[in-house]
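The structure's right below; bear with me while I get my questions together.
The values are calculated or read from the model by the stated rules, or taken from the named source; none is laboratory data. Computed from a prediction, not measured in an experiment: that's the story for all the values here. Cβ placement follows ideal geometry from the backbone for every residue including glycine, while neighbour counts extend to all protein chains displayed.
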Amino acid sequence: MEDENSPALRAGVDFRGTPNATQPVLEHIKPGKKRAPFWRYIRINLPRTTRLLIIAVIAVIGGASASVALSNHEPFLYATHALWSVCGAAALFVAVGLLTSARIWKWGVPIALSSLLIYLGGLLGNAPYVWNGASVVSAAIWNLTLLASLAYLVLSWALRCGMIVAAPDHQHFLD
Amino acid sequence: MDLGFPWWLRIEHFLNIIFISFLVRSGLEILATYPKLYRSQHTVPGTSWAKFTVQQEPKHKYYTVGGEDSDYSPRISLPGQRQLGLGRYWHFITVTGFITCWIIYFILLLVTGQWRRYVPTSWDTFTQAGHDMLAYLAFTMPHPTDGMVFNALQQLSYGFVVLILTPLVILTGAFQSPAIANHFSRITRLLGGRQVIRSTHFLCLVGYVAFFAVHLPLVFLHGYLHETSKMVLGHSNNPVLGGVIFTLGLALVIALHVVVTRWTLADGRAVEKLHNRIVRPWSNLLYKLPARMHYDRSNITGKDVGLDNATHNFRGSGRPPETPEYLALMANCYEDDYVLEIGGYVEHPMTLTIAELRELAAGHSQTTLHHCVQGFSSIGRWRGIAVADLLDLVKPLPGATDVVYTSFQNMGRDDALYEGGTYYESTPMVEARMPQTLIAFELNDEGEIPAKNGAPVRLRLESSTGFRSLKWLERIEVVNRYDIILEGRGGYFEDTDFFDRNQLI
């Protein structure tokens, strides 16, 4: 009967011999503190949605980079090469993400950081802002590389913290 | 027409800062008590799609729902510190003002023609909103649409919040009331069931927070003094004056939160009095909505319940009595020894064994959704006899007003989470005589009710939150007043904590 009443044993996890076997345990609370950091209280278990979201953000980075590379407004010297590199890496990331179940989100970080670096490079160069003569659409797409990169880094941080999980991983809630 | 910023719109804007911030904080307090969100009506442990706690429950030992709550900081939730009852009081006090304000606002929008500020009258608005989005992304400021006080993207986003998000949050809030959800159970199922409704209500909260997270920076980007002045004076001719007044208003709101949080933690009974004055006049109307549901022990998908949702997954929210008498009853399988006493203010007091109850019930059963006050739900088929039928047998004397149910359970003795006292509940006669108010003795066609769920006999009050469906029932007493029993609030949790006897919401 024990396994019927133990969600952990039903899931093949044995906590017997640990305090959590028979008592509730509070995690992430530092000595002397009453509560854990705010973000530790958030745990979302939507692995497939999260995976799709991650892929979508990288696809936006790749698409926006390609669009900037195709425009006639090069943010700085050789930026087009860098933008196409980001675009290619993003395309590979999206393909692997959609066609396999590999844990690829760590590989998205260099893509996001590269995109961010290109954006910072553009700040020092001639980035396609409206005040630099670019159209509103071009400027919006250029800024999208920044916003999507930041969004990916936030998602990556949330993944590392365990706030979210991406398929094939799972939160494995045992309550 | 000149849409402008009429005085009533500006007042509504300020009031909503108060209402929504109070609703978000008190809502988080309610979430804290069962910080898990599900898609299935059966809240089977480990199947939630989100958790908002750092607590890991015992893995190999029975635990009750009462211990699953989380201690949120009073800086985040209202009032914090595991005060579900007080959080509910504030949520319902505020919701009274919020809905009243929204209805008045909605009517004023219609009669003054101001609805045009939110409802697009041309498809061009959507195209223009796309252009405005691009403008924001390009780090430029889009201009207001001709004849409008803000741009098309603002129009659509404000319209979404006022005319879609707000009705949705009101609807999903209303359907968390057991009285409403169980009276209109078809609509409940149509909306996806209790847990989908609860999750959607939470996502509405996320929607409001996300709106503010975008709205506030944009106010600064458009010009804080300029924009806030419009919401105070109705124009931006004197931006400094308007901005200063608005800032003072915000400071007042923050001060209000601090004062209310401290006051609530210091004097919960005073908050209870305020709640009773504001909320009871409308919550008492819900007694006109008796539960009338009949589930099929399945999910809304129609799939069979299966092992995952069997009786052992019907959550337990209390610990069985630990007296020698009760343990002896259990050892003898209740059947021969258990006797339910029904007496008090009646013509024919009587005692009934389980066999007699079964005979009187004549096979009657109801399959209903349990609404825990904390948030979990389970579907169970309860076999038993309606309290109304028992009352007809014992014949209450003229002047009888309430029915009191007493449990074998003594909270301090049996449950380490709580302090002493016999567990009891009382219902007004109108609730006792509701068709689905039941004395149950069997669960899920699997024989006797398990000890954790209230064996051998328990009460089912389907229009109220779960804790009022008293378990381990020992006796029933008809009375002509309940307010002289113990603390006089009508039940164990009503006496010792901050819960209204009217638990129809």
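Could you please find all residues in region A:128-142 being in contact (Cβ under 8 Å) with a residue 24 or more places away in the chain and out of contact with any Phe, Trp or Tyr (no Cβ under 6 Å at 6 or more places or on another chain)?
Going residue by residue through region A:128-142, those that are in contact (Cβ under 8 Å) with a residue 24 or more places away in the chain are A:128, A:132-134, A:138, A:141-142.
Within region A:128-142, A:Asn132, A:Gly133, A:Ala134, A:Ser138, A:Ile141, A:Trp142 qualify.
Now, a different point. Given (1) in contact with a Pro (Cβ under 9 Å, 6 or more places away or on another chain); (2) not assigned by TED's automatic domain parsing to the domain that holds B:Val196, identify the lone condition not met by B:His91.
So the condition that B:His91 fails would be (1).
Separate question: Which of the numbered conditions does B:Lys61 fail, given that it passes all the others? Conditions: (1) surrounded by fewer than 17 Cβ atoms within 10 Å (Cβ to Cβ); (2) closer than 30 Å to B:Pro6 by Cα.
Unmet condition: (2).
Let me ask something additional. Return the residue satisfying two criteria in turn: it lies in region A:24-59 and is buried (at least 20 other Cβ atoms within 10 Å of the Cβ) and under 16 Å from the mean Cα position of the chain (by Cα), and of such residues it is farthest from the other protein chains (Cβ to nearest Cβ).
A:Ile55
Looking at B:Gly488, is it closer than 30 Å to B:Gly173 by Cα, assigned by TED's automatic domain parsing to the domain that holds B:Gly344 and touching a His at 6+ places or on another chain (Cβ under 8 Å)?
No.
Each row is one residue, and each column tells you yes or no for (1) under 14 Å from B:Lys59 (Cβ atoms); (2) in a helix (DSSP H, G or I); (3) free of Cβ contacts under 8 Å to residues at least 12 places away in the same chain.
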residue	(1), (2), (3)
A:Ala8	yes, yes, no
A:Gly17	yes, no, yes
A:Lys34	no, no, yes
A:Thr49	no, yes, yes
A:Ile55	no, yes, no
A:Ile58	no, yes, no
A:Ile61	no, yes, no
A:His81	no, yes, yes
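Restricting the search to region B:29-60, which residues are at the interface with chain A (Cβ under 7 Å from one of its Cβ atoms) and under 24 Å from B:Ala181 (Cβ atoms)?
Keep residues of region B:29-60 that are at the interface with chain A (Cβ under 7 Å from one of its Cβ atoms), which gives B:45-46, B:48-60.
The answer is B:Pro45, B:Ser48, B:Trp49, B:Ala50, B:Lys51, B:Phe52.
Condition check: hydroxyl-bearing (Ser, Thr, Tyr), not assigned by TED's automatic domain parsing to the domain that holds B:Val206 and not in a helix (DSSP H, G or I). Does B:Ser48 satisfy that?
On the way: hydroxyl-bearing (Ser, Thr, Tyr): yes; not assigned by TED's automatic domain parsing to the domain that holds B:Val206: no; not in a helix (DSSP H, G or I): yes.
The answer is no for B:Ser48.
When only residues in region B:75-86 that are farther than 30 Å from A:Ala8 by Cα and assigned to a helix (DSSP H, G or I) count, which is farthest from the other protein chains (Cβ to nearest Cβ)?
B:Gly85
Could you tell me which of the residues B:Tyr63, B:Tyr72, B:Tyr89, B:Tyr105 is under 27 Å from B:Leu163 (Cβ atoms) and either within 14 Å of another protein chain (Cβ to nearest Cβ) or part of a helix (DSSP H, G or I) (or both)?
Details: B:Tyr63 fails: under 27 Å from B:Leu163 (Cβ atoms); B:Tyr72 fails: under 27 Å from B:Leu163 (Cβ atoms); B:Tyr89 fails: under 27 Å from B:Leu163 (Cβ atoms).
After ruling out the rest, the residue left standing is B:Tyr105.
While we're on this one: Which number in (1) within 25 Å of A:Leu144 (Cβ to Cβ); (2) basic (Lys, Arg); (3) not assigned by TED's automatic domain parsing to the domain that holds A:Asn126 marks the one condition that A:Arg51 misses?
Of (1) within 25 Å of A:Leu144 (Cβ to Cβ); (2) basic (Lys, Arg); (3) not assigned by TED's automatic domain parsing to the domain that holds A:Asn126, only one is false for A:Arg51: (3).
Follow-up question, since we're still on this one. Residue by residue through region A:96-150, note down the ones that are away from chain B (no Cβ under 14 Å), surrounded by 15 or more Cβ atoms within 10 Å (Cβ to Cβ) and in a loop (DSSP other than H, G, I, E, B).
Across region A:96-150, the qualifying residues are A:Ile104, A:Asn126.
Tally the residues that are under 18 Å from A:Ala11 (Cβ atoms) and under 19 Å from the mean Cα position of the chain (by Cα), restricting the search to region B:29-67.
Of the residues in that region, 7 qualify.
OK, next. Does B:Arg75 count as among the basic types (Lys, Arg) and either in contact (Cβ under 8 Å) with a residue 24 or more places away in the chain or more than 30 Å from B:Phe160 (Cα to Cα) (or both)? Walk me through it before giving the result.
Working: among the basic types (Lys, Arg): yes; either in contact (Cβ under 8 Å) with a residue 24 or more places away in the chain or more than 30 Å from B:Phe160 (Cα to Cα) (or both): no.
Spelling it out, it is not the case that B:Arg75 is among the basic types (Lys, Arg) and either in contact (Cβ under 8 Å) with a residue 24 or more places away in the chain or more than 30 Å from B:Phe160 (Cα to Cα) (or both).
Let me ask something else. Restricting attention to region A:6-23, and to residues there that are more than 7 Å from chain B (Cβ to nearest Cβ) and among the charged types (D, E, K, R), which single residue is surrounded by the fewest Cβ atoms within 10 Å (Cβ to Cβ)?
Among those that are more than 7 Å from chain B (Cβ to nearest Cβ) and among the charged types (D, E, K, R), it is A:Asp14.
Looking at region B:1-37 only, could you name the residues that are outside any loop (DSSP other than H, G, I, E, B), crowded, with 19+ Cβ neighbours inside 10 Å and among the polar types (S, T, N, Q)?
The answer is B:Asn16, B:Ser26.
While we're looking at this one, here's another question. Which of the residues that make up region B:175-193 are touching a Pro at 6+ places or on another chain (Cβ under 9 Å) and either outside the structural domain of B:Ala32 (by TED's automatic domain parsing) or under 12 Å from B:Thr368 (Cα atoms) (or both)? Reasoning before the result, please.
Of all residues in region B:175-193, those touching a Pro at 6+ places or on another chain (Cβ under 9 Å) come to B:179, B:182-183.
Matches in region B:175-193: B:Asn182, B:His183.
Give the number of residues within region A:85-116 that are touching a residue at least 60 places away in the same chain (Cβ under 8 Å) and basic (Lys, Arg). Spell out how you get there, then give the answer.
Taking region A:85-116 first, the residues touching a residue at least 60 places away in the same chain (Cβ under 8 Å) are A:101, A:103, A:105.
Now narrow it down to the ones that are basic (Lys, Arg): A:103.
The qualifying residues number 1.
Okay, next question. In region B:408-436, what residues are buried (at least 21 other Cβ atoms within 10 Å of the Cβ) and free of Cβ contacts under 8 Å to residues at least 60 places away in the same chain?
B:Thr427, B:Ala432
Related question: Does region B:417-434 contain at least one residue that is under 24 Å from the mean Cα position of the chain (by Cα), in a loop (DSSP other than H, G, I, E, B), aromatic (Phe, Trp, Tyr) and in the same structural domain as B:Ala362 (by TED's automatic domain parsing)?
The initial filter retains those residues of region B:417-434 that are under 24 Å from the mean Cα position of the chain (by Cα), namely B:417-418, B:423-434.
From what is left, the residues that are in a loop (DSSP other than H, G, I, E, B) are B:417-418, B:433-434.
The next check asks that each one be aromatic (Phe, Trp, Tyr); those that pass are B:418.
Next cut, in the same structural domain as B:Ala362 (by TED's automatic domain parsing) only: B:418.
Yes, region B:417-434 contains at least one residue that is under 24 Å from the mean Cα position of the chain (by Cα), in a loop (DSSP other than H, G, I, E, B), aromatic (Phe, Trp, Tyr) and in the same structural domain as B:Ala362 (by TED's automatic domain parsing).
Listed here are the residues, each with its yes/no results for (1) farther than 24 Å from B:Cys204 by Cβ; (2) away from chain A (no Cβ under 14 Å).
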| position | (1), (2) |
| --- | --- |
| B:Tyr118 | no, yes |
| B:Thr121 | yes, yes |
| B:Asp124 | yes, yes |
| B:Leu137 | yes, no |
| B:Leu156 | no, yes |
| B:Ile164 | no, yes |
| B:Leu168 | no, yes |
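Only one of B:Gly223, B:Gly207 is free of Cβ contacts under 8 Å to residues at least 40 places away in the same chain and not acidic (Asp, Glu). Can you tell me which? Write out each step before concluding.
On the way: B:Gly207 fails: free of Cβ contacts under 8 Å to residues at least 40 places away in the same chain.
When all the criteria are applied, what remains is B:Gly223.
Is it the case that region B:377-385 has a residue that's part of a loop (DSSP other than H, G, I, E, B) and not assigned by TED's automatic domain parsing to the domain that holds B:Ala50?
Of the residues in region B:377-385, the ones part of a loop (DSSP other than H, G, I, E, B) are none.
No, the conditions are met nowhere in region B:377-385.
Specify which of the listed residues (B:Gln41, B:Gln56) is at pLDDT below 95 and either closer than 23 Å to A:Arg35 by Cα or charged (D, E, K, R) (or both). I'd like the intermediate steps shown before the answer.
On the way: B:Gln41 fails: either closer than 23 Å to A:Arg35 by Cα or charged (D, E, K, R) (or both).
Only one candidate passes the filter, namely B:Gln56.
Something else now. Please work out which residue is nearest to the other protein chains (Cβ to nearest Cβ), limiting yourself to region B:293-329 and to residues that are modelled with pLDDT of 90 or more, surrounded by 12 or more Cβ atoms within 10 Å (Cβ to Cβ) and not in a loop (DSSP other than H, G, I, E, B).
So, considering only residues that are modelled with pLDDT of 90 or more, surrounded by 12 or more Cβ atoms within 10 Å (Cβ to Cβ) and not in a loop (DSSP other than H, G, I, E, B), the one nearest to the other protein chains (Cβ to nearest Cβ) is B:Leu327.
So that you can scan it fast, the table gives a plain yes or no per residue for (1) in contact (Cβ under 8 Å) with a residue 24 or more places away in the chain; (2) of a type in the set (Gly, Ala, Ser); (3) in a loop (DSSP other than H, G, I, E, B); (4) crowded, with 20+ Cβ neighbours inside 10 Å:
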site: B:Val111; (1), (2), (3), (4): no, no, no, no
site: B:Leu153; (1), (2), (3), (4): yes, no, no, yes
site: B:Leu165; (1), (2), (3), (4): yes, no, no, no
site: B:Ile170; (1), (2), (3), (4): yes, no, no, no
site: B:Thr188; (1), (2), (3), (4): yes, no, no, yes
